[in-house]
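Reading through the structure tokens given below for one structure.
The values are calculated or read from the model by the stated rules, or taken from the named source; none is laboratory data. Note that the structure is predicted; figures quoted are calculated from it, not measured. Neighbour counts run over all protein chains shown; Cβ positions are idealised from the backbone, glycine included.
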Amino acid sequence: MFNLNPNNLTEQDKEAIRRYVAEKFAGEKKTRRIIFFILALIIPLFLAGLGFFLANIEGSIFLAWVMPTIGLLLALLMHGLSAGLEGKAGDAELRKQLVQRAQMELFVKRLTGQSLTDELFPEEDAEKPKRQLALSEDGEIVSAEEILESERRAKGKGGAA
């Protein structure tokens, strides 16, 4: 059975988890901000509309004042929660959740025989071969492949003549 104890993870697994957290952190934080903004906007508007609707039906001005006030208080509460989640403690909690999610994905990938490191370290990130340049007979800088190709052509013409 696989043990996902952080002390038993390989360096490659730890690096894969770090990279996963770094990639997902900004997106998760943005998503949380959007959700809190929408909720803080919709709740007071909904309660204000409900209060005015009920005030029209009941004929009581009290509901027209109480419901929007409750909505504004809930919006302030949502703002306070959002401010708390934006601080260091919220960031730490989000990172902890992302690490747990990455560990679970690593566990699932190992059980299914897939490699998490292949997804997080694609081959395109591997070091690309260096382009080799050389001077041609004319003194121009050309790639080494072009020089080899021209030498092959020259040998082909020389051998055929």
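Results, tabulated for the structure shown:
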item	result
Residue satisfying condition, being at pLDDT below 75 and assigned by TED's automatic domain parsing to the domain that holds residue 12, within set 98, 120	120
Of all residues making up the stretch 33-60, the number that are touching a helix residue (DSSP H, G or I) at 6+ places or on another chain (Cβ under 6 Å) and either surrounded by fewer than 13 Cβ atoms within 10 Å (Cβ to Cβ) or closer than 30 Å to residue 98 by Cα (or both)	4
First in the stretch 63-91 and among the β-branched types (Val, Ile, Thr), second anywhere and surrounded by 16 or more Cβ atoms within 10 Å (Cβ to Cβ), Cβ under 7 Å, 6 or more apart	66/51; 70/47
